[in-house]
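What follows is one structure encoded as structure tokens, with my remarks underneath.
The values are calculated or read from the model by the stated rules, or taken from the named source; none is laboratory data. Source: prediction; values computed, not measured. Here Cβ is always computed from backbone atoms with ideal geometry, including for glycine, and neighbour counts include all displayed protein chains.
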Amino acid sequence: MKNIFSNLKGDLFGGITAGIVALPLALAFGVQSGLGAAAGLYGAIFIGMLAAIFGGTASQISGPTAPMTVISTVLVAEIVRMNNGELDKALPTILFVFLLAGIFQVLLGILKVGSYIKYIPYPVVSGFMTGIGVIILITQIFPTFGYNPTLDSQLLAKYKPLAEESLLNKILADEASEGILVIEDFEETIARASNISEAEVLKESKTLISTETGGVVGSIKYASNALRNINWLEFLLTLGTVFIIYGFKRITKLIPSTLVALVVITGLVQILGWNALTIADKSPIPSGFPLPKLSIFYGVDLGLVMPYIVTAITLAGLGAIDSLLTSVVADNITKTKHNSNRELVGQGIGNSIAALFGGIPGAGATIRTVVNIQSGGKTRLSGVVHGLLLLMVLLILGPIASKIPLSVLAGILITVGIGVMDYRGLKALGKMPKSDAIVIIVVLLLTVFLDLITAVAVGLILASIIFMKKMSDVTARQSSIKTLGNIPREDIWKDEIDFPNNLKEEVYIKHIDGPLFFGYTADFSILAQQIPETATHVVIRMDKVPYMDQSGLYAFEESILQLQQKNIEVLLVGVQEQPLFRLQTINLVPTRIPAHLLFETFADSLGYIKAYVKNIH
């Protein structure tokens with residue numbers, strides 16, 4: 001307990017600041033999911049607190065994230081459609097799938113799968129994250145223009161005949177299940193059809209329209225309808241939200257700009273009495289502590305759940321990737337080391353309990369975690385404080401939060417979509433190998449237009465095939481090279497035996513024995529931490545590095561920058577053609593490492609070391 005309260009002031013301030021940042025995002029992700037703003041808030045509260053308590057990253061802030069919400073949105077829409085557009089009827093099944101996702105995540109942690117997340121190559125992650133951003137942006141077309149397709153009179157007229165056909169098919173299916181012979185007793189069919197009311201036809205029309213216009217394809221297909229039926233007030237409120245979020249950051253970053261936008265735009269709408277759609281019009285936020293949804297246990301048909309087992313596994317896997325990537329970011333800032341498998345167990349517990357209370361699933365959130373750390377948060381207490389703050393908002397300010405315009409949440413989601421995309425990878429598309437670029441583009445397109453699990457699976461398969469082909473080519477080219485025997489990688493190499501004894505404290509030699517690729521980046525990234533404080537120079541032996549992929553390139557760059565921040569001079573020895581070309585594409589050579597610090601042989605570098613390195617220890 002003493003350790004938990006060792007940084008009380010910092011954790012309180014960090015948790016409160018992270019909670020303020022999380023509030024508008026939780027509300028926006030809740031609305032985006034289709035379950036309502038309250039579901040986003042419930043997810044942020046329970047995942048935030050429980051993942052902090054049971055997880056493996058002390059400073060991590062967890063809650064609904066963009067990738068997890070995108071998958072949840074698709075799941076919710078599909079199950080609601082299967083239940084004739086009735087959310088209340090579909091809710092037990094939806095939450096049961098979320099519960100399964102949490103349980104699967106706990107199992108991933110118990111089975112120690114967290115240790116293998118590092119093997120997902122950079123191009124797959126890049127294409128996936130950019131695809132998530134594109135999905136969010138496209139699906140905000142309707143809210144931005146203030147367009148509700150289920151209220152479009154032209155679409156309603158178009159889908160009325162289809163709705164009547166759908167209702168008639170249901171009557172025929174019911175009669176068949178009851179053993180009624182339709183042709184022989186067609187009067188019964190006519191009698192049942194005559195009892196269909198206009199309200200039922202309208203409801204069915206709206207269900208069909210929601211299905212047709214939902215998702216990325218529907219948003220693109222009916223974007224022209226949204227433009228023709230634009231609501232200028234909603235459009236301007238969305239633009240105003242985006243403008244404030246980006247503009248206020250230029251003034252100060254002490255106050256989260258998303259919160260400023262939310263308060264300012266909501267205040268204007270209320271004070272001026274503008275007729276804008278609010279959270280209350282879609283799904284008001286109830287006040288009071290949320291009650292467990294016990295129907296998750298008795299109101300679920302397991303047969304209907306089976307088709308969504310893969311979706312639950314997808315949520316578990318994506319949540320694991322999302323969380324552990326954030327854990328790595330937290331480690332780099334705090335100079336600590338997270339426990340990958342414990343983190344998955346904590347995230348799984350958080351997602352499971354959140355599902356029991358009607359919350360959407362989430363994961364470790366990078367921006368909120370960074371804000372927490374920069375504001376002083378260091379221990380698990382900061383994550384708990386973040387969750388408690390959101391709980392207080394729910395208990396005290398629920399009715400007020402229900403007055404937030406939906407256009408404000410659309411504006412927030414637009415900035416989230418823009419921010420989540422991997423611009424580093426997009427900018428490097430022209431410079432990176434065509435194979436890596438192809439993987440990024442394929443994963444991006446599959447993510448946007450097909451589904452996320454297929455995108456990641458295809459990306460991993462492509463990356464693996466490409467990597468195996470390149471390694472095969474490298475082996476073929478080096479088949480005539482004399483083997484060095486069974487010399488351990490970090491032991492002294494033959495040409496290092498005569499290294500000056502008086503400089504062994506100042507010079508550290510790092511051997512890289514093999515390709516620097518995505519499977520090795522995690523180990524290589526700790527290079528800067530391995531260097532003793534006495535070192536003034538580091539010699540990186542790259543004689544045996546025939547190939548460097550994009551993940552390895554960025555890991556190498558990060559390590560060099562960390563070493564140079566410690567005023568350690570880096571010498572490269574034996575850099576082969578392909579790695580040298582990759583280093584030059586990002587100007588690491590010669591901008592960060594000048595040409596005079598590149599040596600063909602270790603003997604060449606030894607001459608420089610003897611001439612310029614001083615014995616100070």
Original post:
Can you tell me how many residues in segment 211-231 are buried (at least 18 other Cβ atoms within 10 Å of the Cβ) and at pLDDT below 90?
Top reply: 2
Subject >> Matching option when the condition is of a type in the set (Ser, Thr, Tyr), farther than 20 Å from Ile313 by Cα and in contact (Cβ under 8 Å) with a residue 24 or more places away in the chain, among Ser33, Ser59, Ser72 >> reply: Ser59
Original post:
Taking Val370, is it surrounded by fewer than 18 Cβ atoms within 10 Å (Cβ to Cβ) and within 24 Å of Phe128 (Cβ to Cβ)?
Top reply: no
Original post:
Among (1) closer than 30 Å to Leu445 by Cβ; (2) in contact (Cβ under 8 Å) with a residue 24 or more places away in the chain, where does Lys206 come up short?
Top reply: (1)
Subject >> Near pairs, Cβ below 6 angstrom, 6+ apart or cross-chain, from segment 323-340 (in a helix (DSSP H, G or I)) to any residue that is among the β-branched types (Val, Ile, Thr) and at pLDDT below 90 >> reply: Leu324/Ile117; Thr326/Thr366; Val329/Thr366
**OP:** Kindly provide the set of residues from segment 410-453 that are farther than 15 Å from Met129 by Cα and among the basic types (Lys, Arg), ordered by number.
**Re:** Lys431, Lys434
Original post:
Would you pick out the residues in segment 413-441 that are of a type in the set (A, V, I, L, M), touching a Gly at 6+ places or on another chain (Cβ under 7 Å) and surrounded by 19 or more Cβ atoms within 10 Å (Cβ to Cβ)?
Top reply: Val420, Met421, Val439, Ile440
Original post:
Looking at (1) within 30 Å of Ile438 (Cβ to Cβ); (2) among the β-branched types (Val, Ile, Thr); (3) touching a residue at least 24 places away in the same chain (Cβ under 8 Å); (4) touching a helix residue (DSSP H, G or I) at 6+ places or on another chain (Cβ under 6 Å), can you tell me which one Val589 breaks?
Top reply: (3)
Original post:
Would you pick out the residues in segment 79-93 that are surrounded by fewer than 18 Cβ atoms within 10 Å (Cβ to Cβ) and part of a helix (DSSP H, G or I)?
Top reply: Arg81, Met82, Leu87, Asp88, Lys89
**OP:** Have a look at Pro143, Pro123 and point out the one that is in contact (Cβ under 8 Å) with a residue 24 or more places away in the chain, under 18 Å from the mean Cα position of the chain (by Cα), on the phi < 0 side of the Ramachandran plot and part of a helix (DSSP H, G or I).
**Re:** Pro123
**OP:** Determine if segment 149-160 includes at least one residue that is acidic (Asp, Glu) and assigned to a helix (DSSP H, G or I).
**Re:** no
Original post:
Restricting the search to segment 387-410, which residues are out of contact with any Pro (no Cβ under 9 Å at 6 or more places or on another chain) and closer than 14 Å to Leu239 by Cβ?
Top reply: Pro405
**OP:** Please work out which residue is surrounded by the fewest Cβ atoms within 10 Å (Cβ to Cβ), limiting yourself to segment 54-71 and to residues that are part of a loop (DSSP other than H, G, I, E, B) and within 11 Å of the chain's Cα centre (by Cα).
**Re:** Thr65
Original post:
In this structure, does Ile190 turn out to be surrounded by 20 or more Cβ atoms within 10 Å (Cβ to Cβ) and assigned to a helix (DSSP H, G or I)?
Top reply: no
Original post:
Only one residue in Ile171, Ile120 is in the same structural domain as Lys206 (by TED's automatic domain parsing) and β-branched (Val, Ile, Thr). Which one?
Top reply: Ile171
Subject >> Answer residue from segment 275-311, given it is surrounded by fewer than 14 Cβ atoms within 10 Å (Cβ to Cβ) and under 30 Å from Gly247 (Cα atoms) and is modelled with the highest pLDDT among those >> reply: Asn275
**OP:** Any chance you could count how many residues in segment 519-549 are of a type in the set (Asp, Glu), more than 24 Å from Leu460 (Cβ to Cβ) and either buried (at least 17 other Cβ atoms within 10 Å of the Cβ) or not assigned by TED's automatic domain parsing to the domain that holds Ile586 (or both)?
**Re:** 1
Original post:
Does Ser257 satisfy being in contact with a Phe, Trp or Tyr (Cβ under 6 Å, 6 or more places away or on another chain), within 21 Å of Ile418 (Cβ to Cβ) and surrounded by 17 or more Cβ atoms within 10 Å (Cβ to Cβ)?
Top reply: yes
**OP:** With respect to Ile453, determine if the residue is of a type outside the set (Gly, Ala, Ser), more than 30 Å from Leu259 (Cβ to Cβ) and without any contact (Cβ under 8 Å) to a residue 40 or more places away in the chain.
**Re:** no
Subject >> Residue pairs meeting the criteria (Cβ under 8 Å; at least 6 apart or on separate chains; first assigned by TED's automatic domain parsing to the domain that holds Val573 and part of a loop (DSSP other than H, G, I, E, B), in segment 503-518; second at pLDDT 85 or above and of a type in the set (D, E, K, R)) >> reply: Glu506/Lys614; Gly514/Lys544; Pro515/Asp549; Phe517/Asp549; Phe518/Asp549
Original post:
Which residue, of Leu450, Leu444, is crowded, with 20+ Cβ neighbours inside 10 Å and either within 21 Å of the chain's Cα centre (by Cα) or small (Gly, Ala, Ser) (or both)?
Top reply: Leu444
